[in-house]
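S.K.: One structure is given below, represented as structure tokens, and several questions about it will come after.
The values are calculated or read from the model by the stated rules, or taken from the named source; none is laboratory data. Computed from a predicted structure; not experimentally measured. Quick reminder, even Gly has a Cβ in these numbers, built from the backbone with ideal geometry, and neighbours come from all protein chains shown. Keep in mind that these areas ignore ligands, DNA and RNA; they rest on the heavy atoms of the full protein, side chains included. Shrake-Rupley method; radii C 1.70, N 1.55, O 1.52, S 1.80 Å.
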Amino acid sequence: MILCQVRYRDGGDWPIAADGAGHSLVLQQIHGTADDWRNWRASAVPLGSPGEADALGMTALDSSGEAVLTEVHFGPNRSVDWVEVIHRSGPPFAPGGLRVASKRDFSDAVVVPGVLEPQGRAVLTARFPAEGSGRERKLYLVTASGRVIDAREFPIIGPEESWQRFPEHSPEWCRGTPPSHGRANRPARQDQVVINEIMYDPPAGSGVPEFIELVNSGPAPVDLSGWQFTDGVEFHFPTGTMLEPGAFGVIGGDAQALRTVYGNLPVLGEFRGKLSNQGERLRLVDGLGNLASEVDYRTGGNWPASAAGKGSSLELAHPLMEGRLPSAWRGSDEAGKSHFQVFRHEGVYEELRPLGEISDFRELHLHLVEEGHVILRNLRLRHQQTGEDLLDFKARESRDGTGTGGWLIQGNHATSHWDGEELHVVSEGHGDNRANRLEIDVPRLERGTRCVLSFEARWVSGCPRLIAQTWDHSVSFSVRLPVPGNLGTPGRANSRLTARPLPQLDGLRHSPAVPAPGEAVRVTALVTSAEPPGHITLFHRLDTLAGDAEWRSTPMIAEPPASDAPPGAGREYAATLIEYGNAGQVVQFCVQVGGPGETGQSLPVGGRDQPAMFVVDGRALPGGLRTARFVVSTRDLASISPLRRTS
């Protein structure tokens, strides 16, 4: 049995300070994916820290800390002739405190001149010649003690060109012309073509092809010649590919399938590879290799769940929103594409049951095989000879925990509901013949009755496989509802497109994670907005058995922006709660954008219906991986009664 597997790489996005420069690879989050480069960094000190915690702890190394490389210039003969360094934070670096090297043993190191003050920059003249036929040059920023604090591999370009970090606080680099020797970097960058829609996990058996859609959100045509996807899938845009203002371009794994399913699409070509159903980074670069658009989509957290195999595509809510954040994305609206169809099944009710007195065997059950949403109407269980409908209270939900007075909705089907004469069967997982289902008593059902079970149904999202059966399974019906083939909106405006870019909420946190009695709790959230975001409000209340405690509101205040933050960067908002100080209290909270009476974005995305929670607890619990803490609503715990678990 494989308990852990790591497939590290030499180069690419893996930390090159661990590639022969004296550092080890350190896992950043022990609960993260060990086989993902994003969860690894170079050790804080040379030679690593075997047998003990790394000096930086299990957190990411902030590239804006200490000092970083910010520009690398190439002179004649494809050699590096000067390098620029910026000091981000901390005490000044004394003369000789920093060096730049191109060899892993630092034998060609050049000292950064003078004293480097915080927020200051220095340019050192160097000569790091290109070696052999290599196409890349590695550079290391090293302290006097030999600790690598920044390192990168640069593709070699022509003379009088440079690679510039942009924005300067970020890990992103651009090919810059002209150079910006000793000045703030401002490389020309094409950012009006954005990744606008992704169909990465179509429903199984639907015939819907994978695709990526681009949109030109700017005012001028863009020549895509030489552009390419460098991560996720592989695609090189042919020479002469133009994208007009407001126009869409689509690439997919099967261009013919795209045209067959969607008709006359602006298909630009076929990509190589396959979009990952578990999430991955898609990176679009222009002809110079500079980033144009990037999405690192996921299948959990705040990413739209409806796009993970349930039928929706990922749609960007507005092209001016920050697409690297999950708050910019929505699941496409597919509710109106399916149609009701009639399904019918005949069977003889045999009343099969084990020995003993069992009183609840005359029942009809419904469940979905996996997570999904379907709608039923005109549900009938008729006696074939008399035509009598044997279902009573068929459009009513049970209120007493039994199926005698209506439909008992249970387990992971608990959000199922009646809407007028339509029954919405909604499942959050694998349905079964025990607690995860809908059931209703059918007391007039007799042994030997030939029954006709019929209904109209249509698919909405997720699993299309519906099971309808009597308690003993003698009348059992499995049906796969048709899934529309034209899912998503490739080549046209997104179904969830907003008129204006919305304020975005991401990165909800509270600290400390488990407050002790009497301890204040600080709640923070990242707000990213192309326009003034308006009010940011923290809603909070005590968790109670009745679930009816009044919500209280606290305004969240913007934290001072970072000195090197680029225009449009997110701002952190914060509020402090001091109202909850008693041991054992469970607190519900969420953050919302918008003024009083407005409906804005919430985080968590379920808002007050599905809030975040923390518990006040000052006990000292055992450490180690075998200790886990679950915070569950008191009302939810009470709803899992023995009656509901076993009926």
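S.K.: Could you list, in sequence order, all residues of region 258-279 that are of a type in the set (S, T, N, Q), loosely packed, with under 15 Cβ neighbours inside 10 Å and within 21 Å of G207 (Cβ to Cβ)?
M.R.: Here is the first cut: in region 258-279, the residues of a type in the set (S, T, N, Q) are 260, 264, 276-278.
Retained after the next criterion (residues that are loosely packed, with under 15 Cβ neighbours inside 10 Å): 260, 264, 277-278.
T260, N264, N277, listed by residue number.
S.K.: Filter the strands (runs of 3 or more DSSP E) completely within region 321-430 down to those with at least 3 residues that are more than 36 Å from the chain's Cα centre (by Cα) and surrounded by 15 or more Cβ atoms within 10 Å (Cβ to Cβ). Working first, answer last.
M.R.: Working: elements: 329-331, 341-348, 363-368, 372-383, 417-419, 422-427.
Output list reads 341-348, 372-383.
S.K.: Looking at A308, A247, A317 in this structure, which one is within 27 Å of the chain's Cα centre (by Cα) and surrounded by fewer than 18 Cβ atoms within 10 Å (Cβ to Cβ)?
M.R.: Values: A308 fails: surrounded by fewer than 18 Cβ atoms within 10 Å (Cβ to Cβ); A317 fails: surrounded by fewer than 18 Cβ atoms within 10 Å (Cβ to Cβ).
Only one candidate passes the filter, namely A247.
S.K.: Could you list, in sequence order, the residues of region 565-578 that are in a loop (DSSP other than H, G, I, E, B) and at pLDDT 95 or above?
M.R.: Initially, region 565-578 is screened for residues in a loop (DSSP other than H, G, I, E, B), giving 565-570, 578.
Answer for region 565-578, where residues must be in a loop (DSSP other than H, G, I, E, B) and at pLDDT 95 or above: just I578.
S.K.: Given the criteria in contact with a Lys or Arg (Cβ under 9 Å, 6 or more places away or on another chain), open to solvent by 20 Å² or more (accessible area, probe 1.4 Å) and closer than 22 Å to I157 by Cα, does D201 qualify? First the steps, then the outcome.
M.R.: Numbers: in contact with a Lys or Arg (Cβ under 9 Å, 6 or more places away or on another chain): yes; open to solvent by 20 Å² or more (accessible area, probe 1.4 Å): yes; closer than 22 Å to I157 by Cα: no.
Taking the combined requirement at face value, the residue does not satisfy it.
S.K.: Scan the strands (runs of 3 or more DSSP E) fully inside region 35-129 and keep the ones with 2 or more residues being β-branched (V, I, T) and modelled with pLDDT of 85 or more. So that I can check it myself, show each step before the final result.
M.R.: Details: elements: 40-42, 67-74, 80-87, 98-101, 121-128.
Filter on region 35-129 gives 67-74, 80-87, 121-128.
S.K.: Further question on the same structure: Would you be able to say whether some residue in region 250-257 is free of Cβ contacts under 8 Å to residues at least 40 places away in the same chain, surrounded by 17 or more Cβ atoms within 10 Å (Cβ to Cβ) and either of a type outside the set (V, I, T) or under 26 Å from C463 (Cα atoms) (or both)? Can you show your working first?
M.R.: Initial filter on region 250-257 (free of Cβ contacts under 8 Å to residues at least 40 places away in the same chain): 255-256.
Filter once more, keeping what is surrounded by 17 or more Cβ atoms within 10 Å (Cβ to Cβ): 255.
Next, from what is left, pick out any that are either of a type outside the set (V, I, T) or under 26 Å from C463 (Cα atoms) (or both): 255.
Yes, there is a match, as at least one residue in region 250-257 is free of Cβ contacts under 8 Å to residues at least 40 places away in the same chain, surrounded by 17 or more Cβ atoms within 10 Å (Cβ to Cβ) and either of a type outside the set (V, I, T) or under 26 Å from C463 (Cα atoms) (or both).
S.K.: Looking for something modelled with pLDDT of 95 or more, more than 17 Å from L603 (Cβ to Cβ) and touching a Phe, Trp or Tyr at 6+ places or on another chain (Cβ under 9 Å) - is there at least one such residue anywhere in region 529-546?
M.R.: Yes, some residue in region 529-546 is modelled with pLDDT of 95 or more, more than 17 Å from L603 (Cβ to Cβ) and touching a Phe, Trp or Tyr at 6+ places or on another chain (Cβ under 9 Å).
S.K.: Follow-up question, since we're still on this one. Can you find a residue that is free of Cβ contacts under 8 Å to residues at least 12 places away in the same chain and either touching a Pro at 6+ places or on another chain (Cβ under 9 Å) or open to solvent by 70 Å² or more (accessible area, probe 1.4 Å) (or both) anywhere in region 154-172?
M.R.: Of the residues in region 154-172, the ones free of Cβ contacts under 8 Å to residues at least 12 places away in the same chain are none.
No, region 154-172 has no match at all.
S.K.: Let me ask something else. Taking region 79-138 on its own, how many of its residues are of a type in the set (K, R) and touching a helix residue (DSSP H, G or I) at 6+ places or on another chain (Cβ under 8 Å)? Walk me through it before giving the result.
M.R.: Within region 79-138, the first condition is being of a type in the set (K, R), and the residues that meet it are 88, 99, 103-104, 121, 127, 135, 137-138.
Imposing the further condition that a residue be touching a helix residue (DSSP H, G or I) at 6+ places or on another chain (Cβ under 8 Å) reduces the set to 138.
Residues that pass the stated criteria total 1.
S.K.: I would also like to ask the following. Checking Q588 against (1) modelled with pLDDT under 95; (2) polar (S, T, N, Q); (3) open to solvent by less than 40 Å² (accessible area, probe 1.4 Å), which single condition isn't satisfied?
M.R.: (1)
S.K.: Across region 432-441, what is the total count of residues that are buried (at least 19 other Cβ atoms within 10 Å of the Cβ), of a type outside the set (A, V, I, L, M, F, W, C) and either in contact with a helix residue (DSSP H, G or I) (Cβ under 7 Å, 6 or more places away or on another chain) or without any contact (Cβ under 8 Å) to a residue 12 or more places away in the chain (or both)?
M.R.: The initial filter retains those residues of region 432-441 that are buried (at least 19 other Cβ atoms within 10 Å of the Cβ), namely 437-441.
Subsequent filtering for residues that are of a type outside the set (A, V, I, L, M, F, W, C) retains 437, 439, 441.
With the extra rule that they be either in contact with a helix residue (DSSP H, G or I) (Cβ under 7 Å, 6 or more places away or on another chain) or without any contact (Cβ under 8 Å) to a residue 12 or more places away in the chain (or both), the set shrinks to 437.
Residues in region 432-441 being buried (at least 19 other Cβ atoms within 10 Å of the Cβ), of a type outside the set (A, V, I, L, M, F, W, C) and either in contact with a helix residue (DSSP H, G or I) (Cβ under 7 Å, 6 or more places away or on another chain) or without any contact (Cβ under 8 Å) to a residue 12 or more places away in the chain (or both): 1 in total.
S.K.: Within region 201-215, does at least one residue satisfy the condition of being among the β-branched types (V, I, T) and within 19 Å of L325 (Cα to Cα)?
M.R.: First pass over region 201-215, keeping only residues among the β-branched types (V, I, T): 208, 212, 215.
Now restrict to residues that are within 19 Å of L325 (Cα to Cα): 212, 215.
Checking region 201-215: at least one residue is among the β-branched types (V, I, T) and within 19 Å of L325 (Cα to Cα).
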